[in-house]
Amino acid sequence: MRIAYVCFSSYGGSGVIASALARGMADRGHEVHVVCSDPELHERALGDGIRRWPVRAAEYPLFERPLYAVAVAAALEEVGREASLDLVHVHYAVPHATSAYLARQMLGPDAFKIVTTLHGTDVTRVGVERGVRSVNRFSVAASDGITVPSAYLRDAARDVLALGDREIEVIENFVDTDQFAPAEPDRGAIDALFAEEEAGAPLLVHVSNFRPVKRVVDTVDVLARIREHRPARLLLIGDGPDRAAVQARAHEQGVGGAVAFLGTTDDVPRYVAGADLFLLTSETESFGLAALEAQSCGVPVVAYGVGGLGEVIRDGETGALAKSGDVAALADAALALLADDDARRRMGARAREDVLLRYRHAAALDRYERYYRRVCGDATK
Ligand code: GMT
């Protein structure tokens with residue numbers, strides 16, 4: 001098949017999934033194109049044999065913002081014309097589903113089929129804002145296929161995007177289980193990130209883009225509560241708008257020496273695999289790719305039980321879930337696991353087994369391939 005993927009370049013699960021899918025489909029012999037603002041950012045994941053189409057959003061003093069949605073449509077129209085596509089698979093509906101729709105209107109109804117994968121806040125937050133909702137609903141409904149990574153998001157999408165009895169396919173996210181694998185912690189490298197007196201203390205790790213929805217400040221509050229009972233440290237990976245607030249909270253709580261900020265890194269698996277526990281404090285999460293990556297490393301996840309996280313983390317088996325916003329309950333769950341090394345290791349081993357059983361890359365590629373064929377029917381060119 002000839003497939004174009006559309007995704008954001010910024011750090012985020014939807015871009016990770018889109019670029020891994022693009023790579024996997026190219027390896028299976030499909031002709032693959034990727035449309036995004038800055039394909040360089042997905043360079044490592046994409047590799048050779050995939051054609052990149054940068055989005056060139058026009059800026060002009062009259063416009064308050066660059067015309068991103070229009071530029072994605074223009075790029076897709078160009079790919080469609082040159083490559084005679086079978087399928088455009090957009091990741092994150094806003095505004096990609098709209099851009100794909102517009103490109104197809106320009107090229108003609110048989111130009112390509114459109115599959116939209118909804119990822120989270122394109123349904124639960126920005127996708128239902130007043131200035132977006134009607135266009136988002138229309139564009140998602142106009143897609144030939146709709147997929148979501150969890151049953152939770154399927155139900156939410158049906159409800160808030162008013163999709164009626166429209167078929168929505170649940171295809172769970174996946175992880176590279178070789179890249180995210182159990183490994184001996186690099187103790188020297190980890191100790192070097194913290195104050196000297198914290199060396200050797202149990203390690204909690206959190207990875208996110210530090211947006212308000214992740215409630216990263218809560219991770220510091222959880223650490224502070226844990227430290228009322230025993231030593232522990234917290235490694236924060238990633239960057240984003242809330243970073244300064246998190247730093248300020250660590251200072252306020254008097255745990256500055258026990259909190260390290262690594263920023264964005266390509267070395268995420270190395271640090272996650274070295275954790276005793278992974279901490280996730282999001283107020284909503286359609287799936288929680290970071291939790292899946294931790295489980296793939298054999299690290300139990302302690303999280304608020306929101307959105308689709310209950311599908312990814314089996315409470316009491318592969319991790320522990322607490323009521324949303326209940327910092328004390330999260331700290332208690334972490335304390336119980338830190339107090340019992342055997343139980344924690346057993347949980348980590350079960351987490352890894354579960355990932356190998358349910359979330360392998362190859363199995364997800366099979367499912368997407370079957371789905372693409374169903375959507376395209378006999379229409380592949
Ligand atoms: O929805 C977002 O705010 C961004 C999006 C992203 O690009 O990372 O995150 C969503 O998609 C991920 C990949 O499917 C999921 O793992 C995240 O849980 C989901 N985020 C939210 O639902 C907040």
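The values are calculated or read from the model by the stated rules, or taken from the named source; none is laboratory data. Keep in mind that this is a model prediction, so the values were computed, not measured. Quick reminder, even Gly has a Cβ in these numbers, built from the backbone with ideal geometry, and neighbours come from all protein chains shown. Ligands, DNA and RNA are excluded from the accessible area calculation, which covers all protein heavy atoms including side chains. Shrake-Rupley method; radii C 1.70, N 1.55, O 1.52, S 1.80 Å.
Straight-line reach from LYS323: taking Cα to Cα under 23 Å and skipping same-chain neighbours fewer than 8 places apart, the lysines in range are LYS214.
In a fully extended conformation the segment linking ARG374 and ASP159 would gain 74.9 nm over its present Cα-Cα distance, using 0.36 nm per residue.
I need to check one value: relative contact order of the chain, counting alpha carbon pairs closer than 8 Å and at least 6 residues apart, in percent. Walk me through the numbers before you get to the answer.
On the way: 758 pairs, mean separation 51.7, N = 381.
So the answer I get is 14 percent.
Largest to smallest in accessible area, the residues MET106, MET1 fall in the order MET106, MET1 (1.4 Å probe, all protein chains included).
Between GLU283 and PHE138, take the C-beta separation as r, use R0 = 30 Å, and let me know the FRET efficiency to the nearest 0.05.
Efficiency at R0 = 30 Å is approximately 0.60.
For the chain, modelled as a GNM whose springs connect Cα atoms under 10 angstrom apart, the maximal fluctuation among ALA224, ALA291, ALA248 occurs at ALA248. Taking only the C-alpha atoms of the stretch 207-259, the Rg (one decimal) and the largest Cα-Cα distance, Dmax (whole number), read 10.5, 31 Å.
Taking the Cα centre of the stretch 219-307 as origin, work out the dipole magnitude from +1 charges on Lys and Arg Cβ and -1 charges on Asp and Glu Cβ, in debye rounded to 20.
Values: 7 positive and 11 negative charges, 68 e Å.
About 320 debye.
Remark: the stretch 187-358 carries a charge dipole of roughly 140 debye about the Cα centre, counting +1 on each Lys and Arg Cβ and -1 on each Asp and Glu Cβ.
With N counted as the residues of the chain, its alpha-carbon radius of gyration over 2.2 N^0.38 Å works out to 1.01. Close amide-amide hydrogen proximity is noted between ARG52 and VAL34, each under 5 Å apart and 5 or more residues distant or on a separate chain (H modeled in the peptide plane; Pro and chain starts excluded).
Applying the criteria of a DSSP loop state and at most 16 other Cβ atoms within 10 Å to the GluC sites (Glu not before Pro) of the stretch 39-97 yields GLU59, GLU64. Subtracting the Cα-Cα distance of THR264 and GLU167 from their residue separation scaled by 0.36 nm leaves 31.2 nm.
Evaluate the Debye formula for the stretch 187-358 with equal point scatterers sitting on the alpha carbons, no solvent, and hand back log10 of I(q)/I(0) at q = 0.18, 0.20 Å⁻¹, in q order, two decimals. The computed values of log10 I(q)/I(0) come out as -1.13, -1.45.
Per the Debye calculation on the stretch 135-285 with a single equal scatterer at every Cα and no solvent contribution, log₁₀ I(q)/I(0) for q = 0.08, 0.20 Å⁻¹ amounts to -0.32, -1.17. Taking only protein heavy atoms and a 1.4 Å probe, the accessible area of the chain is 48% carbon and sulfur.
Taking the stretch 172-220, how much of its Cα-Cα pair set, in percent, is spaced more than 12 angstrom apart? Write down the numbers at each step before the final one.
On the way: 895 of 1176 pairs.
Taking all Cα-Cα pairs of the stretch 172-220, the fraction more than 12 Å apart is 76 percent.
Working from label points 7 Å from Cα in the Cα-to-Cβ sense, the LYS381 to PHE63 distance is 2.7 nm. Charging the Cβ of each Asp and Glu at -1 and of each Lys and Arg at +1, and nothing else, the dipole of the chain about its Cα centre rounds to 860 debye. For the pair ALA183 and ALA343, label points projected 7 Å from Cα toward Cβ lie 3.0 nm apart. Fully extending the segment from GLN247 to ALA328 would add 27.1 nm, taking 0.36 nm per residue of separation and subtracting the current Cα-Cα distance. A Förster distance of 41 Å, applied to the separation of the beta-carbon atoms of ASP315 and VAL70, puts the FRET efficiency at 0.35.
Just how much of VAL220 is accessible, in Å², when a 1.4 Å probe is used and the result is rounded to the nearest 10? Roll a 1.4 Å probe over it and VAL220 shows about 0 Å².
Add +1 for every Lys or Arg and -1 for every Asp or Glu among the other residues with Cβ under 10 Å from the Cβ of ASP191, and state the total. Provide the component values of the computation, followed by the final result.
Numbers: positive: ARG187, ARG233; negative: ASP186, GLU196, GLU198.
The answer is -1.
Before I look further, what does the stretch 187-358 give for accessible area per residue, probe 1.4 Å, in whole square angstrom? Can you show the working numbers first?
Numbers: 6590 Å² over 172 residues.
Value returned for the stretch 187-358: 38 Å² of accessible area per residue.
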